[in-house]
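Report on the following structure.
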Number of protein chains: 2
Amino acid sequence: MASYQLFIEKVKEIHKIGAIQGHLGWDQETIMPPKGAQARSEILSWLAKEQHARVTAPDFGEMITQLENSNDLDENQVANVRELRRRYDKAVKLPSEFVAQYALTRSQALVAWQEARTASDFTMFQPHLEKLVEMTNQKIDYYGVETTRYDVLLDEYEFGMKVSDYDPLFAGLKSRLVPLLQNIMEAKKTNPDPKLPTEISFPVKAQTEFCKLVSNAMGFDFEAGRMDASTHPFSAGLWPGDTRFTTRFDEQDPFSCLYAVMHETGHALYEQGLDANHSFTPRGDAVSLGVHESQSRFWENQIGRTPAFWKVVLPWFKQQFPDAPEWTPDELNKIANCVEPGFIRVEADEVTYNLHIMLRYELEKKIFNEKLSVKDIPNTWNQMFSEWFGIEVPEDRMGCLQDIHWSMGAFGYFPTYTLGNLYAAQLLEAMSQEIGDVDEIIETGDWSPMLDWLRPKIHLQGSKLTPSELIEQATGVPPTPQPFIDYVESKYSKLYNLS
Amino acid sequence: MASYQLFIEKVKEIHKIGAIQGHLGWDQETIMPPKGAQARSEILSWLAKEQHARVTAPDFGEMITQLENSNDLDENQVANVRELRRRYDKAVKLPSEFVAQYALTRSQALVAWQEARTASDFTMFQPHLEKLVEMTNQKIDYYGVETTRYDVLLDEYEFGMKVSDYDPLFAGLKSRLVPLLQNIMEAKKTNPDPKLPTEISFPVKAQTEFCKLVSNAMGFDFEAGRMDASTHPFSAGLWPGDTRFTTRFDEQDPFSCLYAVMHETGHALYEQGLDANHSFTPRGDAVSLGVHESQSRFWENQIGRTPAFWKVVLPWFKQQFPDAPEWTPDELNKIANCVEPGFIRVEADEVTYNLHIMLRYELEKKIFNEKLSVKDIPNTWNQMFSEWFGIEVPEDRMGCLQDIHWSMGAFGYFPTYTLGNLYAAQLLEAMSQEIGDVDEIIETGDWSPMLDWLRPKIHLQGSKLTPSELIEQATGVPPTPQPFIDYVESKYSKLYNLS
């Protein structure tokens, strides 16, 4: 019988390589000097190859098989064996050279995307995206297609999810969100939303101070992490004691930075709350992107976009922005919840947000299931956007160049954002039944009851269960979109006085 | 016959691990959240073990032997084989477990040193230092002693250098520097040095701007590097296109930051000037610490501490520090060259600097050749300091806790600083013979002739030659202390009107 000790040593080495990749990735996104990109790409490519070699080593595969037949493992050990089995089975299908080349291509594409986005010039990114789509199609062929080609990608980011799961889910959501949006747009004609004053500037330094206070109040430990700036806000749990998130600044709009910080802090709290007894193993890792996104969206929306939140943070806001108008908490909350079809996904309100996801989902289906050509992406994007949102995309920076994901080869990732929204609403409902009305708790200014509820139910669980098992264990019911639909309809009917 | 191609692939992997260690080290010194230290130590330890396993792999050793017997290699390839032979022969003497444990110990000691230094409490660092000395003694035993124990360490940092080389070198220097210092101290009694006004503050932001202008004028490419802050200024050439240096700030004294920046930029220019065709191989690496230090000291002292330098940068200085007195270039130069026995090595003038090095050298000799106990280091340091410098160390922060080196296990490193001073003066002498009077060139504001001289003669050479071969090739004579003695006696006799 293989020794579990030997197996877990190897698992930890594999995870350490991943941690280093995460660290170099964080650096690349935040502070790397531009001319360092080429050598950095080579190093990341080499690390990917090294990691792949370890996961696919024949003796490691044998260890997994032997441990699967063992009766001596506890539930944490079983979870680690299960996750490595899943990873091994996928990894052995990819040739080592492909893995290295794919990592190199991604790392170079990321740099090209940053430049193309700044220039708003899709043609600068197009050859890289073509290469990525080509290699992703190769990857699909290596893995093997059982249902549709896109399903192979969807499964990568949320285990077990397929087009046949998402199609009805999105259709159901759309059938409720589109009428809600129409009602809101109608209501806005008579009662227009408040607007941010254009003549006031919100300095970066003050935004930083304000957001750090909020992040700290949420429970982020700045002794065990950092906040920095990057083009695309993200969060990275590098290793125990080092979780870093980023935000971006718009001096005309402090809400952009604030909600990026609350979102990323939500992710970061999950990482800081993982069980350090299981570091560098799947058991000590976040379970899935969908669950990760539930944590970010919970803090951003269910906590941050409420009148109760604004009552608490108003004094901090006033202190940092003495020139801002004399807004009340309700006015600030209204500004933070304006529903408006806009171009940018990460700045979308909760009603339109999932439409942004569906658009990307439909487009990725076209790319991988219907062979949509990369050169046709901008036009297709713009046409769909015009149809769905009723506004014309003025430039690719506001359209198909806005998201980082494709430049990282992350096709099939976007739908997990919608899962996150659904899980977050379901968690809020279950949480409220146990700890009482969350808005009332927010208003006390002590937000630890929410974090204390999430810690044992989600964070400390790591990857012990599958994502849907975890949601069911935490809430008492399997994942369902109903709580989200109830939440969003109730919240926005109230905000817009809909009948 | 082993394929050179296969050999160099392995060499590049070994160097990539080193580059990652360098990156994590940079992060640890500058921006790492404190609670990340433990896991970071584990990762660094694992990387050290991985690297060691590759260097000492039996088939790698066989490759080296086969390539040594090949006649087909060009001079660059020969240099790579030579350097890996040297490394292999040392590495195989160290057990893998020792290497990992030693890396872990160093990484933990670094954190302890930072805390001890802040608290100025040697006892906080003592157990770590005891462990480091113990493990360093183990390392000496593994390598094997041919002459004295300390020689084994000296050789680590400047190949081939021994106590029997340094003892007469330091004695010779001391016999000239001590009388010079006495004459200067005598002259200061009648003509006291100018003092920095204590009522003026030099803001960090303005210091940053000023120093970036200077670094840029020296030729540092900010598109291929960064400047940050850290407790102990350092420079790290991570990989092609990414060279980072740090400085520190004292709002009462802008010279501290300026000369740290010029020093570290000197190191960084060497790194940025290495031959990118030989990246990730010894041929593309800096050849030695002594030569590295010659680059930093050249820019810091031979360029930066001259009246010509101050003539050029005075307008930048005035623009950033409008509240500063109306100093002339000569006054600024005098302030920048005040000779004064002080406690801190990195802030020492050129006359006393090498005495600081000799003190550390003598102390390290006592530790490793005469078994001086770690607990007795503070007292011994303070007694020697009092004798040599005539002033009493008020606290360990200003004494034996000031330097980072021991916390990194770098015993035997300090003497390379003196070598750097000697090489720098020798390079200046040779350079002047070829490009003309350097002070006149500095005064034009275009400092590229000096960099253009150093690039092919030092930087692009990498490790093609040994350090002393390189100095001889660049200057026409083997390394000699005479140019330094001439330089320092002439410069300070003029500054202090000595007869």
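Some observations on this one:
- Of all DSSP-defined beta bridges confined to chain A, some 45% are antiparallel rather than parallel.
- Residues of type lysines that A:Lys10 reaches as a straight line, Cα spacing below 17 Å, ignoring anything fewer than 8 places off in the same chain: A:Lys49, B:Lys49
- B:Ser490, A:Ser296 arranged by Cβ crowding within 10 Å, fewest neighbours leading: B:Ser490, A:Ser296
- Tensor-based shape of the stretch B:355-400 (alpha-carbon gyration tensor, a/c under 1.5 rounded, otherwise prolate or oblate): oblate
- Cα gyration tensor category, rounded, prolate or oblate, for the protein assembly as shown with a/c compared to 1.5: prolate
- Across peptide B:25-36, the mean count of Cβ atoms from other chains lying within 10 Å of each residue's own Cβ comes to 5.
- Prolate/oblate/rounded label for the stretch A:158-285 (Cα gyration tensor, a/c 1.5): oblate
- Under 24 Å from the Cα of A:Lys205 - lysines, other chains or at least 8 residues apart: A:Lys195, A:Lys311, A:Lys318, B:Lys205, B:Lys212
- Protection proxy ranking for A:157-163, A:442-448, B:195-201, using the average of other Cβ atoms within 10 Å per residue and placing the highest first: A:157-163, A:442-448, B:195-201.
- On Cα atoms only, tilt of A:4-30 relative to the major axis of chain A in degrees: 40 degrees
- Fewest neighbouring Cβ atoms within 10 Å first, the residues B:Met431, B:Met398 line up as B:Met398, B:Met431.
- Cβ-Cβ distance of B:Glu186 and B:Asp141, R₀ of 60 Å, FRET efficiency by 1/(1 + (r/R0)^6): the value works out to about 0.80.
- Label 7 Å beyond Cα on the Cβ vector: B:Thr65 copy-to-copy distances, nm: 3.7
- The local environment of B:Gly61, defined by Cβ-Cβ distances under 13 Å, has a net charge of +3 under the rule Lys, Arg +1 and Asp, Glu -1.
- Percent of beta bridges antiparallel (DSSP, the stretch A:189-308, rounded to nearest 5): 45 percent
- Take each residue in B:276-284, count the other chain C-beta atoms within 10 Å of its C-beta, and the mean is 1.
- The Cα center of the stretch A:178-238 and the Cα center of the stretch B:354-377 differ in position by 57 Å.
- Sorted by Cβ neighbour density within 10 Å, fewest at the top, the residues B:Leu451, A:Leu419, B:Leu332: B:Leu451, B:Leu332, A:Leu419
- Charge dipole (debye, nearest 20) of the protein assembly as shown; +1 at Cβ of Lys and Arg, -1 at Cβ of Asp and Glu: 840 debye
- Residue and distance (whole Å) for the chain B Cβ nearest the axis that superposes B on A: B:Ile20, 3
- Legend: calculated FRET efficiency, B:Gln126 to B:Glu370, from the Cβ-Cβ distance at R0 = 22 Å, rounded to 0.05, equals 0.70.
- Taking the DSSP beta bridges with both ends in the protein assembly as shown, the antiparallel portion is around 45 percent.
- Quarter the surface of the alpha carbon convex hull of the stretch A:66-163 and you get the mean projected area, 8.6 square nanometres.
- Theoretical FRET efficiency, 1/(1+(r/R0)^6), r = Cβ-Cβ of A:Asn216 and A:Leu73, R0 35 Å, to 0.05: 0.30
- Here the stretch A:232-257 is scanned for amide nitrogen atoms under 11 Å from the site 7 Å beyond the Cα of A:Leu460 along Cα-to-Cβ, giving none.
- Full extension of the segment from A:Met408 to A:Glu387, taken as 0.36 nm per residue of separation minus the current Cα-Cα distance, would add 4.8 nm.
Taken together, the values in this text are just the output of simple stated rules run on the coordinates, not laboratory data. Worth saying up front: this structure is predicted, and the values here are computed from it rather than measured. Cβ sites come from the backbone with ideal geometry, for glycine too, and all protein chains shown count toward neighbours.
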